[in-house]
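Asks: Okay, here's the structure, questions in a sec.
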Amino acid sequence: MENKDTAMLLKECDAGVKMATSSLNDLLDKVKDPKLYKLLTKSRDHHEKLGNEIHSLLDFHDETQKEPDPFIKSMSWIKTNVKMGLDNSDATIANLITDGCNMGIKSLQKDLNEYAMADEISKKIAQKLMTIEDQLRNDLSSYL
């Protein structure tokens, strides 16, 4: 690929989408409120759709996909299971996902700054992912 920043930004978005999708899937079976379940399912579907778009762009540029960092994924799993073990409520789920959204947005903004030479398509993908995370975070506020 000509532009390394484009590849790196797309790979970070790919890892972020995979992390979000995995986290949402891990928590969906614990949700009690049907409206919250629908909200989280809709967000997961948005993440998966964007993930497919990212995979197409990575394929177009002959780049490989990126998995989430195993350490971060493990720490997220531990945090989720400890918190859910202490309080298995929809408020806890909303809190965990809100924390994940905050981390995702922060990480993506850092990636946008670090890979400033990425092409506009990749930057728009990162911004779209941040928008999905921000919307989910806002939608969850009534469950906190």
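The values are calculated or read from the model by the stated rules, or taken from the named source; none is laboratory data. In this text the structure is predicted, and so the values were computed from the model without any measurement. Neighbour counts run over all protein chains shown; Cβ positions are idealised from the backbone, glycine included. Accessible surface is based on the protein model in full, side chains and every heavy atom, while ligands, DNA and RNA are left aside. Shrake-Rupley method; radii C 1.70, N 1.55, O 1.52, S 1.80 Å.
Asks: Need pairs with beta-carbon distance below 9 Å; first residue in contact (Cβ under 8 Å) with a residue 60 or more places away in the chain and within segment 82-98, second surrounded by fewer than 11 Cβ atoms within 10 Å (Cβ to Cβ); sequence gap 6+ or separate chains.
Replies: Short answer, once both residue conditions are applied: 93/32.
Asks: Moving on. Out of all the residues in segment 18-31, is one or more farther than 20 Å from residue 107 by Cβ, in a helix (DSSP H, G or I) and at pLDDT 95 or above? So that I can check it myself, show each step before the final result.
Replies: Of the residues in segment 18-31, the ones farther than 20 Å from residue 107 by Cβ are 28-31.
Those still in the list that are in a helix (DSSP H, G or I) too: 28.
The next check asks that each one be at pLDDT 95 or above; those that pass are 28.
Among the residues of segment 18-31, at least one is farther than 20 Å from residue 107 by Cβ, in a helix (DSSP H, G or I) and at pLDDT 95 or above, which makes the answer yes.
Asks: Still on this model: Could you please let me know if residue 49 is in contact (Cβ under 8 Å) with a residue 40 or more places away in the chain and more than 15 Å from residue 136 (Cα to Cα)?
Replies: Values: in contact (Cβ under 8 Å) with a residue 40 or more places away in the chain: no; more than 15 Å from residue 136 (Cα to Cα): yes.
No, not satisfied.
Each row is one residue, and each column tells you yes or no for (1) of a type in the set (Asp, Glu); (2) modelled with pLDDT of 95 or more.
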| position | (1), (2) |
| --- | --- |
| 42 | no, yes |
| 50 | no, yes |
| 85 | no, no |
| 91 | no, yes |
| 97 | no, yes |
| 116 | no, yes |
| 120 | yes, yes |
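Asks: Residue under question is residue 34, and the condition is that it be out of contact with any helix residue (DSSP H, G or I) (no Cβ under 9 Å at 6 or more places or on another chain) and closer than 22 Å to residue 135 by Cβ; does it hold? I'd like the intermediate steps shown before the answer.
Replies: Numbers: out of contact with any helix residue (DSSP H, G or I) (no Cβ under 9 Å at 6 or more places or on another chain): yes; closer than 22 Å to residue 135 by Cβ: yes.
Yes.
Asks: Can you tell me which residues in segment 23-37 are touching a residue at least 24 places away in the same chain (Cβ under 8 Å), within 19 Å of residue 49 (Cβ to Cβ) and open to solvent by 30 Å² or more (accessible area, probe 1.4 Å)?
Replies: Within segment 23-37, 23 is the sole residue that qualifies.
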